[in-house]
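The values are calculated or read from the model by the stated rules, or taken from the named source; none is laboratory data. All values derive from a computational prediction rather than experimental measurement. Cβ placement follows ideal geometry from the backbone for every residue including glycine, while neighbour counts extend to all protein chains displayed.
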Amino acid sequence: MAKKILIADDEQNIVISLEFLMKREGFTVCVATDGQEAIDKVRSEAPDLVLLDIMMPRKNGYEVCQEIRTDPGLQGTRILMLTAKGREMEITKGLAMGADAYMTKPFSTRELVTKVKSLLDLPA
Amino acid sequence: MLTGPVIVAASFLYLLLLFAVAYFGDKRADAGRSVIANPTIYALSLAVYCTTWTYYGSVGRAASSGLGFVPIFLGPTLAVALWWFVMLKMVRIGKTNRITSIADFIASRYGKSHLLGGLVTVIAVLGVIPYIALQLKALSVSFAILVPPDDVVSAGRGALPWLADTTFYVALSMAAFTILFGTRHLDATERHEGLVAAIAFESLVKLVAFVAVGVFVTFGLFDGFGDLFSRAAREPQLQALMRMGAGGNGYANWFALTLLSMLAVMFLPRQFQVTVVENVNENHLRRAIWLFPLYLLLINVFVLPIALGGLMSFAGQQVDADTFVLRLPMVFGHDWLALVVFIGGLSAATGMIVVETIALSTMVCNDLVMPLLLRYRWLALQGQEDVSGVLLGIRRGAIVLILLLAYLYFRLAGEAHALVSIGLISFAAVAQFAPAMLGGMYWRGGTRAGAVAGLSSGFAVWLYTLLLPSFAKSGWLPGDFLQNGLFGLDLLRPQELFGMQGLDPLAHSLFWSMLANLGAYVWVSLMRQPTAIEAGQATLFVDVFKQGRPSDGAFWRGSARVGDLLPLLGRFLGRERAANAFDDYARSRGVSREALQADAGLVHFAETTLAGAIGSASARVIVASVVQEEPLGLDEVMNILDEASQVRAYSRRLEQKSRELEEATRELRSANERLKELDRLKDDFMSSVTHELRTPLTSIRAFSEMLLEDPGIDVEDRQRFLAIIVSETERLTRLVNQVLDMAKIESGHADWVDDEVSLLEVVEQGAAATSQLFRDKGVTLEMSLPPAVPVLFADRDRLVQVVLNLLSNAVKFVVRGSGQVRLSLCETDEGLQVDVRDNGPGLTPEEQRVVFEKFRQGGNTMTDKPQGTGLGLPISRQIVEHYGGRLWVESVPGEGATFSFLMPCGKSAVRKEDAG
């Protein structure tokens, strides 16, 4: 059964590119365009992995991350943080909030796919 | 009935009591627990100002001239108001220079001059002897009133031999009393603690006694003030007394008397003694400044009631008003009260006589006799024997002599005058000290010659216009020069000098003597520069409060030996006292007496210590006899003064530097805070820019990689992806341009191409440029423009940029198809205003607050995610504010928003007709 991936980002074009990329790799994809929607979709769609942007309206990526990690029913969800802010402090903060991995934008599509697969324990 | 022996016994008992008080005071002082280290005692001792003249004479003066007695007390009250400046300085000078008398003060100020000291002493003695005589007269008169005529031989005093005259014995007992009080030992500080305690006690006694009579007259003989005054008002003569100007006391005389009393309360030798010499703590002045005037007020409250009561009680009888105080209780049968009054009068008299005579004897000894002895090298050349006994002997002799002189004056001239006139002659004499004293304290330019000239001319005028006439009136001198002037010259009439008429003799004398005195002092002083020693002393006096003034002994240079100085001091102070003084000095220098260096400081110390006993002028001569002084030239003194003023200036500069440093530190700190804040802002800005640059790059890279790796993507997707790449590239370009633009404007490096520009054209150009956007989204643009507006002077392209920005923002946020935007331009009082109104979602107050911050983009939803950079509004605002205008937003959430900007119209703006 195909793994399900939630794309949470408020940049329309980034969402389009990620959606195309993930579908091409054979994942099922769902989309959220702000933090609150992301949490709702995590609960309703139960994705295996979330590609989580940090700078989002309503709730930012850190808050989403924290909420997922404090919900005992969502412990299996992998979180890969994506952000355009590449400062050391932000990476540390993201990992501290419970993200499994972190990538800065712009990313290499190949590396992203590799990272996603490794997080989902799939063969590269 | 009071008898002679009873009164004499009571008087002696009272004097014994005084002596006990003084003894107690001295014992306490020796034990180190001074009773006079108390501001109230100090203030009370100042009341030695109130003599029998106040006690008996005020009533006499009030009876003849009504309110004419007031200036004598108004003057001191006014003078005291200035004391915190003048007297404080005088006290400080007195302490630092060990001044022992007013003669010493003046002599020391003008170069430790024997001549000046002697002159002041002569003026003081001649001027004050009538005043002491007045006390003797008051005592003898009051005694004669109390004791019935057959008890004492009193009729025709003039014919009476001295030995049978009670006044003579009064004078002698006063001399004995004074000697006991004031010259028991020679003190280096010339202070008499026991004496001051006794004087303060006496001040209380005379106040209580006088108030007792006042109460008796006002409430015993009459029914209070109201009754007394209303009864007096019914008698025409008395009524006149209660008005200003009664009995010839015109305003000029009032003024003269007030001025005279102001000076007297500072320069009478006994006042100088109690206020300056006997002062133990400068802060005592603070209480004296209000307590002393209060005392004067209290003792004067009943003057007018007693005078009026006396005039009514003794109407038609020939009764001397000076004796009302004593006679009223007697006539009404209150002998005990009369005795109290007598004791009060005795208090007033002894207080005055004792302090005045001590002060005068100190002056006579230090400034008159010592210089004469020194002139013959008598004292300086006598071997090692102790001469302090000799000094005491001189003082005691002086005391006896002064009292005998006073008695003589009393015999010769006393009968002719009322108490008040005698007292005023003395006041006028001591007023002559004022120019030299005050000038010396505040004017560096005063010289010895100036002071001598001023004092002698003032004194000569006083002698001629006041003292000699008083002798003439008492028949002791032929009186024709009064009428015809000296040598028969009318212009030289003593009481109408140079034809001046209309003033009473006292005001007349005061005017001429002060004119001569002040004129000579200033004129002669200005004739030549102060000499070295005058300049040095001037600095010690005038700059007594300044920091960094020349140190002790700064004006002395030469060589000396401790072995000479110590025995020298010992001869005048007694060996033990001198040794103690040297030990104290050595301790203050942190060395033992054996290790003392005979430097300028020690010589100065020896001289001032000696000055405390024998006056500064004599001390200088005596110290000079055992040291080798190299005289300083005026240049050298000026150098020292200059150095001192440089030290002052340096310390001022240091203080200023330190203040400036603190200020600079504070400024640096706040600048640092500002820099930190700017750094934080820059950090945030960089972080935002990074984010904004990376976001389009992310899409571009992702799509490019996918297109590159996967040739099999179908054409439709391929087209879509390439379109996104192009649009994101455009976004990136826009962003880079705007960031650069912003940076340029903020740093002030932007180019502004200012020219005459019509905002009307600008708005139309903006609308035309965005028309495609509006058409694409199906949004209507409505314009409301006036036919013509004033021309602005600004950068046309920048203004178009602002309008474009507002229009494209509006179109971005309204609903596709049904959006409406209204653009209007109008002229207001402040300038030209452009409004861009839309029917979009509007902004919450929070959004309105942050919408002008950089990288803040409106819109929360993915749908219609704005493609702006978040820099449009900040840049627009910068542009408008560059021209002194404003850019703001008004909005109600859900009802659209209005962005407006206002451009001020300069005065030079000209209205330009516009075809559009």
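Quick look at the numbers
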| read-out | value |
| --- | --- |
| Answer from A:THR77, A:THR104 - the residue that is polar (S, T, N, Q), within 14 Å of the chain's Cα centre (by Cα) and more than 15 Å from A:LYS3 (Cα to Cα) | A:THR104 |
| Residue in the stretch B:1-33 that is nearest to B:PHE292 (Cα to Cα), counting only those that are over 33 Å from the mean Cα position of the chain (by Cα) and part of a loop (DSSP other than H, G, I, E, B) | B:ALA31 |
| Selected residue (criterion: nearest to the other protein chains (Cβ to nearest Cβ)) from residues of the stretch A:52-62 that are outside any helix (DSSP H, G or I) and within 13 Å of the chain's Cα centre (by Cα) | A:MET55 |
| Single residue of B:LEU238, B:LEU228 found to be modelled with pLDDT of 80 or more and in a helix (DSSP H, G or I) | B:LEU228 |
| Positions within the stretch B:747-760 being within 30 Å of B:VAL789 (Cα to Cα) and surrounded by fewer than 16 Cβ atoms within 10 Å (Cβ to Cβ), in sequence order | B:GLY748, B:ASP751, B:TRP752, B:VAL753, B:ASP754, B:ASP755, B:GLU756 |
| Pairs where the first residue, in the stretch B:1-19, is of a type in the set (Gly, Ala, Ser) and the second is in a helix (DSSP H, G or I) and modelled with pLDDT of 80 or more, C-beta under 6 Å, 6+ apart | B:SER11/B:LEU346 |
| Verdict on B:GLY817 being on the phi > 0 side of the Ramachandran plot and under 60 Å from the mean Cα position of the chain (by Cα) | no |
| Where B:VAL120 falls short, out of the listed (1) surrounded by 24 or more Cβ atoms within 10 Å (Cβ to Cβ); (2) modelled with pLDDT of 85 or more; (3) more than 30 Å from B:ARG620 (Cβ to Cβ) | (3) |
| Helices (runs of 4 or more DSSP H) wholly inside the stretch B:55-107 containing at least 3 residues that are surrounded by fewer than 23 Cβ atoms within 10 Å (Cβ to Cβ) and in contact with a His (Cβ under 6 Å, 6 or more places away or on another chain) | none |
| Pairs where the first residue, in the stretch B:291-310, is in contact (Cβ under 8 Å) with a residue 40 or more places away in the chain and within 14 Å of B:THR51 (Cα to Cα) and the second is among the hydrophobic types (A, V, I, L, M, F, W, C) and surrounded by fewer than 22 Cβ atoms within 10 Å (Cβ to Cβ), C-beta under 6 Å, 6+ apart | B:ILE299/B:LEU207 |
| Matching entry among A:LEU49, A:LEU21 (being more than 14 Å from chain B (Cβ to nearest Cβ), modelled with pLDDT of 90 or more and closer than 19 Å to A:ALA101 by Cα) | A:LEU49 |
| Where a residue in the stretch A:83-98 is within 10 Å of another protein chain (Cβ to nearest Cβ) and without any contact (Cβ under 8 Å) to a residue 12 or more places away in the chain and its partner, wherever it lies, is surrounded by 14 or more Cβ atoms within 10 Å (Cβ to Cβ) and part of a helix (DSSP H, G or I), with Cβ under 7 Å and at least six apart | A:ARG87/B:SER687 |
| Test for B:THR350: is it surrounded by fewer than 23 Cβ atoms within 10 Å (Cβ to Cβ), part of a helix (DSSP H, G or I), in contact (Cβ under 8 Å) with a residue 12 or more places away in the chain and of a type in the set (Val, Ile, Thr) | no |
| Among residues of the stretch B:675-711, those that are more than 10 Å from chain A (Cβ to nearest Cβ) and either β-branched (Val, Ile, Thr) or surrounded by 10 or more Cβ atoms within 10 Å (Cβ to Cβ) (or both), counted | 12 |
| Where B:LEU773 falls short, out of the listed (1) surrounded by fewer than 17 Cβ atoms within 10 Å (Cβ to Cβ); (2) part of a strand (DSSP E or B) | (2) |
| Failed item in (1) in a loop (DSSP other than H, G, I, E, B); (2) of a type outside the set (D, E, K, R); (3) in contact with a His (Cβ under 8 Å, 6 or more places away or on another chain), with B:ILE36 passing the rest | (3) |
| Whichever residue in the stretch A:26-43 is touching a helix residue (DSSP H, G or I) at 6+ places or on another chain (Cβ under 7 Å) and away from chain B (no Cβ under 11 Å) and, among such residues, is farthest from B:ARG731 (Cα to Cα) | A:VAL42 |
| Residue within the stretch B:662-670 that is assigned to a helix (DSSP H, G or I) and in contact (Cβ under 8 Å) with a residue 12 or more places away in the chain present | no |
| The stretch B:123-157, residues that are over 21 Å from B:ALA349 (Cα atoms) and either touching an Asp or Glu at 6+ places or on another chain (Cβ under 7 Å) or at pLDDT 80 or above (or both) | B:ILE123 |
| Yes/no for A:LYS105 being closer than 26 Å to B:GLU709 by Cα, touching a residue at least 60 places away in the same chain (Cβ under 8 Å) and among the basic types (Lys, Arg) | yes |
| The lone exception for B:ARG731 - which of (1) away from every other protein chain (no Cβ under 14 Å); (2) crowded, with 18+ Cβ neighbours inside 10 Å; (3) over 60 Å from the mean Cα position of the chain (by Cα); (4) of a type outside the set (Gly, Ala, Ser) it fails | (1) |
| Which listed residue, of B:ILE422, B:ILE394, is closer than 30 Å to B:LYS137 by Cβ, assigned to a helix (DSSP H, G or I), of a type in the set (Val, Ile, Thr) and at pLDDT below 80 | B:ILE422 |
| Residues that are more than 7 Å from every other protein chain (Cβ to nearest Cβ), outside any strand (DSSP E or B) and not basic (Lys, Arg), drawn from the stretch A:1-15 | A:MET1, A:ALA2, A:ASP9, A:VAL15 |
| Some residue of the stretch B:167-174 being modelled with pLDDT under 85, more than 25 Å from B:ALA453 (Cβ to Cβ), in contact with a Ser or Thr (Cβ under 8 Å, 6 or more places away or on another chain) and not hydroxyl-bearing (Ser, Thr, Tyr) | yes |
| Pick from the stretch A:105-115, criterion at the interface with another protein chain (Cβ under 10 Å from one of its Cβ atoms) and within 17 Å of A:VAL50 (Cβ to Cβ), ranking: surrounded by the fewest Cβ atoms within 10 Å (Cβ to Cβ) | A:PHE107 |
